[in-house]
Amino acid sequence: MSDIAAAPAFPAYRAPKWLPGGHAQTLYPLLIKPLPPAYRRERWETPDGDFIDLDWIDGAAGQPVVVLFHGLEGSSRSHYATALMQALQARGWTGVVSHFRGCSGEINRLPRAYHSGDSDEVDWVLHRLHQQHPYRPLFAVGVSLGGNALLKWLGEREFRAGDLLRAAAAVCAPLDLAACGHQLGRGFNRLYTRHFLQTLKHNAAEKLRHYPGLFDEQRMRHARNLYEFDDAVTAPLHGFAGADDYWRRASAKPFLRSIRLPTLLLAAKNDPFLPAHALPHADEASPQVTLDLAHEGGHVGFVAGSLPGRLDWMPQRLLHFFDHGN
């Protein structure tokens, strides 16, 4: 990627005038999300006796491979996943959505599930993808929770990340989990929290059916916000002392200075999930990190065009970065 400095910059995101505000820009994509493509599902057995499911879009031989790590309670059917996979399909590239444990429609086997700092899982997936396709360029995209986990992995591995990936991108990552968690507990944002807790509590109850006494059921069921849920469930399941310890150790922001791979960090300043003051400044990230901090876009929204709108701006932004590095 040494000869790409002269490539033209991708047009900055501009929200449609008919879709004002971070909440509308976050929620509206759910109304226009494209139908999921015809995925090919593949199940991988994990080294610890569990499994993950990956949904593939097979491209032409020799073309790049792009792996997507989805957001909290997301999947290959999430609007951003289907939009990206359509863009890859149009190019003839291979795309794959790597589901975090328990997110592919079937509960996983082990007590553990997944969390925002699950960089070891990212590491295992990327190594196996590289082994499967050793001669094809491999790119990684992380969205929301998946973006935080990917950025943390990039900072932890530093130069070794380049042994596996050509470049990476993170979209609307909750880089400061404490700031994000408290933000989601305020005002209209509690709507998102209720949505997440509905599925998180359902999955947690399923865990208890298989593993009675795994955590405090009453605390789980009475959790009113993400802090209380993470303190009761996520932290003890994954080796953290509590929600504060989890949010501090799993946040990707402190790792940004250690990233040594070309990485795009795409975010919106009106993202309801992460307050603008928690977004990184240039001196908080390594020179290898390109900060694209749009004024609008919501949380993984980035709707473009006239009514009814399109979801193609974000995929094309990511692919432009993979092509040109800016």
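When the test is whether a residue is in a helix (DSSP H, G or I) and surrounded by 14 or more Cβ atoms within 10 Å (Cβ to Cβ), His182 passes it.
Meeting the requirement of 3 or more residues that are at pLDDT 95 or above and surrounded by fewer than 23 Cβ atoms within 10 Å (Cβ to Cβ), the helices (runs of 4 or more DSSP H) wholly within the stretch 213-315 are 217-222, 243-250.
Taking the numbered list (1) open to solvent by 10 Å² or more (accessible area, probe 1.4 Å); (2) modelled with pLDDT of 95 or more; (3) out of contact with any Asp or Glu (no Cβ under 7 Å at 6 or more places or on another chain); (4) within 30 Å of Tyr135 (Cα to Cα) in turn, Val67 passes all entries but (1). Between Gln86, Gln63, the distinction of being among the polar types (S, T, N, Q) and in a loop (DSSP other than H, G, I, E, B) belongs to Gln63 only. In the stretch 76-100, the residues that are touching a residue at least 40 places away in the same chain (Cβ under 8 Å) and within 13 Å of Asp53 (Cα to Cα) reach residues that are buried (at least 24 other Cβ atoms within 10 Å of the Cβ) and among the polar types (S, T, N, Q) with C-beta atoms within less than 6 angstrom, at least six apart or across chains, in these pairs: Val97/Ser76. Going by the conditions given, is Leu154 surrounded by 20 or more Cβ atoms within 10 Å (Cβ to Cβ) and part of a helix (DSSP H, G or I)? It is true that Leu154 is surrounded by 20 or more Cβ atoms within 10 Å (Cβ to Cβ) and part of a helix (DSSP H, G or I). Assessment of the stretch 134-144 against the conditions (in contact with a Gly (Cβ under 9 Å, 6 or more places away or on another chain), under 23 Å from Gln288 (Cβ atoms) and open to solvent by 40 Å² or more (accessible area, probe 1.4 Å)) yields at least one matching residue.
Only one of the numbered conditions (1) closer than 30 Å to Gly181 by Cβ; (2) modelled with pLDDT under 95 is not met by Leu35, and that is (1).
Would you tally the residues in the stretch 125-136 being touching a residue at least 40 places away in the same chain (Cβ under 8 Å) and out of contact with any strand residue (DSSP E or B) (no Cβ under 9 Å at 6 or more places or on another chain)?
Qualifying residue count for the region: 1.
Restricting attention to the stretch 207-231, which residues are of a type outside the set (S, T, N, Q) and touching a Gly at 6+ places or on another chain (Cβ under 9 Å)?
Of all residues in the stretch 207-231, those of a type outside the set (S, T, N, Q) come to 207-217, 219-224, 226-231.
If the condition is that a residue be of a type outside the set (S, T, N, Q) and touching a Gly at 6+ places or on another chain (Cβ under 9 Å), then Lys207, Arg224, Leu226, Tyr227, Asp230, Asp231 are the ones that fit.
What do you reckon, is Leu35 closer than 30 Å to Asn270 by Cβ and not aromatic (Phe, Trp, Tyr)? Judged against the criteria, Leu35 is a match.
Looking only at residues in the stretch 1-20 that are modelled with pLDDT of 95 or more and either surrounded by 14 or more Cβ atoms within 10 Å (Cβ to Cβ) or aliphatic (A, V, I, L, M) (or both), the one that is nearest to the chain's Cα centre (by Cα) is Tyr13. Condition test on Leu31, is it surrounded by fewer than 16 Cβ atoms within 10 Å (Cβ to Cβ) and of a type outside the set (Val, Ile, Thr)? Yes, satisfied. Out of Phe302, Phe255, one residue alone is under 14 Å from Leu177 (Cβ atoms) and in contact (Cβ under 8 Å) with a residue 40 or more places away in the chain. It is Phe255.
Figure legend. Inter-residue proximity from the stretch 137-166: first residues closer than 19 Å to Arg101 by Cα and touching a residue at least 40 places away in the same chain (Cβ under 8 Å), second residues outside any helix (DSSP H, G or I) and among the polar types (S, T, N, Q), beta-carbon distance below 6 Å, spacing 6+ or different chains. Indicated pairs: Leu145/Ser116; Asn148/Ser116.
Are any residues in the stretch 77-124 within 24 Å of Gly239 (Cβ to Cβ), buried (at least 24 other Cβ atoms within 10 Å of the Cβ) and among the aliphatic types (A, V, I, L, M), and if so, which ones? The answer is Val122, and nothing else.
The values are calculated or read from the model by the stated rules, or taken from the named source; none is laboratory data. All values derive from a computational prediction rather than experimental measurement. Don't worry about glycine lacking a Cβ; one is built from the backbone with ideal geometry, like all the others, and counts go over all protein chains shown. Side chains are part of the model used for accessible areas, which takes the heavy atoms of the whole protein and leaves out ligands, DNA and RNA. Shrake-Rupley method; radii C 1.70, N 1.55, O 1.52, S 1.80 Å.
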